[in-house]
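Below is one structure, written out as structure tokens, with a few remarks after it.
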Amino acid sequence: MAPVMMVSRPPQNVFPLRPRASSETPEARTGMATLIVDDEAVYRDGLKALLSDIDGATLPFQASDSAEAIAMARVLPPLRLIVAKVDGEASGNAVARLRHHFRGTPIVAVAHRHDRASVAAAFRQGAQACLNRVTGRDVTRTVLSLVLSGESYMPAELCSSFIFSRPGDDEPESPL
């Protein structure tokens, strides 16, 4: 009979599917675990660089759409943030689907269209912030920092449209 070797902890390159929050988890060693969902690799790389500016060291995961992100849900460590493009999703409820599979993780919705109806829909589905894809680097960095600290963000020009709207305007239900 061959001798049995007992190992009290897994080798350094092997992690459980849902690691405990401890000093041995990958995100504890490298900063925050994030998920960037966008079909454009260049945009994902830009967000990855911004996130590393904020935290200093991130563990970024990437997916090209919400379906791919959801398929990864079982193998990802606990996430601190999801930044997801919401344009072009087939059913139009990308944030709601991500919210269902990544409960408790803040979601920043990023869209080409930045109108009142789109922003209201993203907030109703569970987004903590909405950004336009052409938002500048400094504003994006600030918004991501705010969301990571537990705050929400809505662009000022859209806040005023919700505040000064009248009942019966194009959006029947205010997310505020």
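Looking only at segment 55-79, residues that are farther than 22 Å from V119 by Cα and open to solvent by 50 Å² or more (accessible area, probe 1.4 Å) come to 9 in all.
May I ask you to list the residues in segment 38-71 that are touching a helix residue (DSSP H, G or I) at 6+ places or on another chain (Cβ under 7 Å), over 18 Å from L131 (Cβ atoms) and modelled with pLDDT of 90 or more? Passing the criteria: F61, I70.
With T105, T140 as the choices, which residue is in contact with a strand residue (DSSP E or B) (Cβ under 8 Å, 6 or more places away or on another chain) and part of a helix (DSSP H, G or I)?
Only one candidate qualifies: T140.
Scanning segment 150-163 for residues that are of a type outside the set (D, E) and either modelled with pLDDT of 90 or more or open to solvent by 80 Å² or more (accessible area, probe 1.4 Å) (or both) gives G150, S152, Y153, I163. Sub-8 Å Cβ pairs linking a first residue in segment 117-130 that is under 18 Å from T142 (Cβ atoms) to a second residue that is acidic (D, E), at least 6 apart or interchain, are Q128/E151, ordered by first then second residue.
Comparison of R103, R141 shows that the only residue that is under 12 Å from the mean Cα position of the chain (by Cα), under 24 Å from P77 (Cβ atoms) and open to solvent by 50 Å² or more (accessible area, probe 1.4 Å) is R103.
For V147, the criteria (1) surrounded by fewer than 16 Cβ atoms within 10 Å (Cβ to Cβ); (2) touching a residue at least 60 places away in the same chain (Cβ under 8 Å) hold in every case but one, which is (1).
Taken together, R74, R133, R166 contain a single residue that is modelled with pLDDT under 90, closer than 20 Å to D39 by Cβ and over 14 Å from the mean Cα position of the chain (by Cα), which is R133.
The values are calculated or read from the model by the stated rules, or taken from the named source; none is laboratory data. The structure presented is a predicted model; accordingly, all values stated were derived computationally and were not measured. Note: ideal-geometry Cβ built from the backbone for every residue, glycine included; neighbour counts use all protein chains shown. With ligands, DNA and RNA removed, areas are computed over all heavy atoms of the protein, side chains included. Shrake-Rupley method; radii C 1.70, N 1.55, O 1.52, S 1.80 Å.
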